[in-house]
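A short worksheet on the structure shown next.
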Amino acid sequence: MPLKAYDLTGRTALVTGAASGIGRACALLLAEAGATVHCADLDESGLHETTALITKAGGTAHPHRLDVTDRTQLAAAVSAAGPRLDILAAIAGIMHRSTVLETRDEDLDRVLAVNFKGVLYACQEAARAMIATNTPGSIITMASGAVDAANAGLLCYSTAKAAVVQLTRTLATELGPHSIRVNAVAPGWIRTPMTDRHDAVLQHRAEAAVVRASPLGRVGEPEDIAHAVLHLASDASAFTTGQILHPNGGVAMPW
């Protein structure tokens, strides 16, 4: 049982991107803290694996097949999590690599649709539900360490994540009067299925560079980010809103 401030017993959470990686780690930890977790993802196989892991550990979870680029599906997922939604963790995202000169319209449109619009839609639907039920909720978005430095080849990804940062700050300002907190997590390099899909040589070089640059001398794991999300979801961060947490092993130290 977590410390009282981290106890989420009786609360309901919706986690997008819950089928694997950071999303799965967040769903598992929120459930361990006592929340009923609604797990959403396009990957039905991974989604059911996540809910099975939660159930096996004694938690409560419900799977929802969800395309975050479809506002109607997001509204349905939020409604299914009712009658009261306390926590949204908008984790779903994709990565695309191309130089600025190689970037095509369809590449930019696809990444923005998932990584920005999908987060925007989730935040809108969750916020409306929280306001309607007078719930002092917590919304957590997923930014990226890519917003803290120039990253050759990651124009689409870093641009979308920078937009998520501004969305988070703006929404925190607008929802504060409703006692709804909005914060973001901007991870450094995390070893996930998404990063594993890189070319093996590139993956090795990237991780080696992170290890050299980090004062902690290692890359991150999904659980490192899940603990940051739990903090923002819980009463331990009751006076925190509009902030961007940077669990990155010290590779970047933004103001």
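Go through segment 66-117 and report how many residues are touching a strand residue (DSSP E or B) at 6+ places or on another chain (Cβ under 7 Å) and surrounded by fewer than 15 Cβ atoms within 10 Å (Cβ to Cβ). Break it down into steps so the answer makes sense when it comes.
At the first step, the residues of segment 66-117 found to be touching a strand residue (DSSP E or B) at 6+ places or on another chain (Cβ under 7 Å) are 66, 68, 77-78, 80-81, 84-93, 97, 107.
From what is left, the residues that are surrounded by fewer than 15 Cβ atoms within 10 Å (Cβ to Cβ) are 80.
Residues in segment 66-117 being touching a strand residue (DSSP E or B) at 6+ places or on another chain (Cβ under 7 Å) and surrounded by fewer than 15 Cβ atoms within 10 Å (Cβ to Cβ): 1 in total.
Can you give me the number of residues within segment 52-99 that are in contact with a His (Cβ under 7 Å, 6 or more places away or on another chain) and either hydrophobic (A, V, I, L, M, F, W, C) or over 28 Å from T241 (Cβ atoms) (or both)?
4
Within segment 171-184, can one find any residue that is part of a helix (DSSP H, G or I), among the β-branched types (V, I, T) and either out of contact with any strand residue (DSSP E or B) (no Cβ under 9 Å at 6 or more places or on another chain) or within 23 Å of V15 (Cβ to Cβ) (or both)? If you could, list the steps in order and put the result at the bottom.
Narrowing segment 171-184 to residues part of a helix (DSSP H, G or I): 171-178.
Among the residues that remain, those that are also among the β-branched types (V, I, T) are: 173.
Within this subset, residues satisfying the condition of being either out of contact with any strand residue (DSSP E or B) (no Cβ under 9 Å at 6 or more places or on another chain) or within 23 Å of V15 (Cβ to Cβ) (or both) are none.
No: segment 171-184 contains no residue that is part of a helix (DSSP H, G or I), among the β-branched types (V, I, T) and either out of contact with any strand residue (DSSP E or B) (no Cβ under 9 Å at 6 or more places or on another chain) or within 23 Å of V15 (Cβ to Cβ) (or both).
Do we find a residue being part of a loop (DSSP other than H, G, I, E, B), of a type in the set (V, I, T), out of contact with any Asp or Glu (no Cβ under 7 Å at 6 or more places or on another chain) and at pLDDT 95 or above anywhere in segment 225-235?
Looking for residues that are part of a loop (DSSP other than H, G, I, E, B), of a type in the set (V, I, T), out of contact with any Asp or Glu (no Cβ under 7 Å at 6 or more places or on another chain) and at pLDDT 95 or above, one finds none in segment 225-235, hence no.
Among (1) buried (at least 24 other Cβ atoms within 10 Å of the Cβ); (2) in contact with a Pro (Cβ under 8 Å, 6 or more places away or on another chain), where does A160 come up short?
That leaves (2) as the condition not met.
Looking at (1) under 13 Å from P63 (Cα atoms); (2) touching a Leu at 6+ places or on another chain (Cβ under 8 Å); (3) in contact (Cβ under 8 Å) with a residue 60 or more places away in the chain; (4) not β-branched (V, I, T), which is the only condition G17 fails?
(2)
The values are calculated or read from the model by the stated rules, or taken from the named source; none is laboratory data. Quick caveat: nothing in here was measured; it's all calculated off a predicted structure. When we count neighbours, we look across all protein chains shown, and the Cβ atoms used for this are built from the backbone with ideal geometry, even at glycine.
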